[in-house]
Amino acid sequence: MSTVMVADEAEVTEKRETKGTTRRDGRATVSRDVRETVGEMRVEEPRMRCDEINVWYGNKHAIRNVSLDIGKNEVLAMIGPSGCGKSTFLRCLNRMNDTIVGCRVTGRIMLDGEDVNSPRIDVVPLRAQVGMVFQKPNPFPKSIYENIAFGPRIHGLAHNPQEMDEIVETSLIKAGLWEEVKDRLDQPGTGLSGGQQQRLCIARTIAVSPDIILMDEPCSALDPIATAKVEELIDELRQNYSIAIVTHSMQQAARVSQRTAYFHLGDLIEVGDTKQIFTNPRHELTEDYITGRFG
Ligand SMILES: Nc1ncnc2c1ncn2[C@@H]1O[C@H](COP(=O)(O)OP(=O)(O)OP(=O)(O)O)[C@@H](O)[C@H]1O
Ligand SMILES: [Mg+2]
């Protein structure tokens with residue numbers, strides 16, 4: 001009896017000291033009540049560096065003190081239960097939260113030596129450099145050609161019609177859509193299939209020469225074949241861009257990303273190598289989520 005009590009006391013003491021628990025399989029895990037981020041938020045070559053980001057919608061504290069890097073040529077997956085703040089965090093990265101009345105963002109997001117929240121930053125070029133692909137494909141009610149040419153025209157990227165043709169063709173090739181649409185460029189973008197529309201939207205994002213591409217559940221409206229094409233594309237795009245993708249599919253996160261960040265009720269709970277997060281999570285909340293006990 002007394003031996004058991006000693007063991008229990010030892011465990012309680014350890015929990016207090018390390019804010020963690022050691023399980024019977026010998027693996028140390030961080031307890032559910034810990035909210036500081038576990039894992040490596042920083043990378044060697046960050047393309048974007050976020051420091052202590054907080055977001056409020058009125059009084060609602062939607063993102064709490066999140067620090068996270070997005071690396072060069074990496075796909076970073078953001079996962080977590082509905083309402084945990086994935087879209088909110090993603091929108092901070094190109095100041096899309098500016099468009100939401102009552103939304104307040106604090107903290108620092110460094111890109112090319114400047115804070116994207118600085119008043120000196122013009123959001124129009126910022127949103128070209130940090131492009132966004134949404135959940136539902138949203139082509140403009142224009143031709144396939146015009147869907148791509150629209151952005152480069154606004155940003156003055158083509159000096160003559162030949163240059164514009166080249167941008168349109170290159171963007172469609174990079175998005176893996178050229179072969180399917182090259183003979184119907186004058187037809188409406190909205191006439192394409194859902195998967196083609198999503199690749200058109202990716203081509204549109206690429207056309208304005210971004211460095212970073214943000215994707216908010218880009219495959220949730222697509223069938224498995226279209227999803228596979230977009231996932232393949234994401235992997236190819238990594239050669240030239242940094243990508244942050246929100247997904248509800250853990251299989252997708254495992255397939256396309258190198259790093260994974262797990263969010264829970266506005267906190268960044270754990271971040272690390274994708275394989276480690278899915279096979280050997282360190283935080284109990286991450287483990288609950290990936291094993292289907294939560295969300
Ligand atoms: N425009 C808004 N006004 C007020 N509250 C908002 C707004 N957008 C999001 N929220 C709140 O902020 C929190 C985070 O929402 P967010 O949309 O970022 O979550 P999410 O992780 O993307 O969820 P989902 O997986 O369902 O897309 C939620 O509690 C949500 O209700
Ligand atoms: Mg969302």
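Derivation of every value follows stated rules applied to the coordinates shown; laboratory data play no part. The structure presented is a predicted model; accordingly, all values stated were derived computationally and were not measured. In this analysis, Cβ positions are derived from the backbone assuming ideal geometry, glycine residues included, and neighbour counts consider all displayed protein chains.
Using the number of other C-beta atoms within 10 angstrom as an exposure proxy, rank Lys182, Lys229 with the fewest first.
Values: Lys182 13, Lys229 19.
Ordered by Cβ neighbours within 10 Å, fewest first: Lys182, Lys229.
Once the Cα atoms of the chain are picked out, what are the Rg and Dmax in Å?
21.6, 86
Using the Karplus equation 6.51 cos²θ - 1.76 cosθ + 1.60 (θ = phi - 60°), what ³J(HN,Hα) coupling, rounded to whole Hz, does each residue of the stretch 215-229 give in order, writing x for Gly and Pro?
10, 9, 6, x, 10, 5, 9, 10, 7, x, 6, 5, 4, 4, 5
Would you please give the residues with an amide H less than 5 Å from that of Gln187, counting only those at least 5 places away or on a separate chain, with H modeled from the backbone geometry?
When sequence neighbours closer than 5 places are left aside, the close amide H contacts are Ile144, Tyr145.
How large is the charge dipole for the chain, taken about the Cα centre, if only the Cβ atoms of Lys, Arg (+1) and Asp, Glu (-1) carry charge, to the nearest 20 debye? Write down the numbers at each step before the final one.
Values: 36 positive and 43 negative charges, 130 e Å.
Once rounded to the nearest 20, the dipole reads 620 debye.
Using a simple spin-label model with points 7 Å from Cα along the Cα→Cβ vector, what separation in nm is obtained for Gln162 and Glu45?
Result: 3.4 nm between the two label points.
Return the sequence-ordered ³J(HN,Hα) values of the stretch 154-161 in whole Hz as given by the Karplus equation 6.51 cos²θ - 1.76 cosθ + 1.60 applied to θ = phi - 60°, using x for Gly and Pro.
Whole-Hz 3J(HN,Hα) from phi for the stretch 154-161: 4, 8, x, 8, 10, 9, 7, x.
Would you mind checking which residues have amide H under 5 Å from Ala77's amide H? H placed 1.01 Å from N; only 5 or more apart, or other chain.
Ile245, Gln258, Arg259, Thr260, Ala261
Tell me, what ³J(HN,Hα) does each residue in the stretch 247-258 have, in order and in whole Hz, if you take phi through Karplus 6.51 cos²θ - 1.76 cosθ + 1.60 with θ = phi - 60° and put x for Gly and Pro?
The phi angles translate into 8, 8, 9, 5, 5, 5, 4, 5, 6, 9, 9, 9 Hz.
Scan around Ala62 for amide H atoms under 5 Å from its own, H built in the peptide plane at 1.01 Å from N, and keep only partners 5 or more places away or cross-chain.
Val55, Trp56, Tyr57
Ranking request for peptides 184-191, 170-177, 262-269: highest mean number of other beta-carbon atoms within 10 Å first, then the rest in descending order. Let's see the in-between values first.
Working: 184-191: 15.2, 170-177: 21.0, 262-269: 23.5.
Highest mean packing first, the order is 262-269, 170-177, 184-191.
Per DSSP H run of at least 4 residues, take -39500 (n - 2.57); add these up for the chain, divide by its residues and hand me the 222 nm value, nearest 500 deg cm²/dmol.
Numbers: 11 runs with 108 residues, N = 295.
The helix contribution divided over the chain gives -10500 deg cm²/dmol.
Arrange the following residues from fewest to most other Cβ atoms within 10 Å of their Cβ: Glu179, Glu74. Provide the component values of the computation, followed by the final result.
On the way: Glu179 9, Glu74 19.
Starting with the residue having the fewest Cβ neighbours, the order is Glu179, Glu74.
Work out the length of the dipole vector of the stretch 111-196 about its Cα centre, built from +1 on the beta-carbon of each Lys and Arg and -1 on the beta-carbon of each Asp and Glu, and round it to the nearest 20 debye.
Numbers: 8 positive and 13 negative charges, 69 e Å.
About 340 debye.
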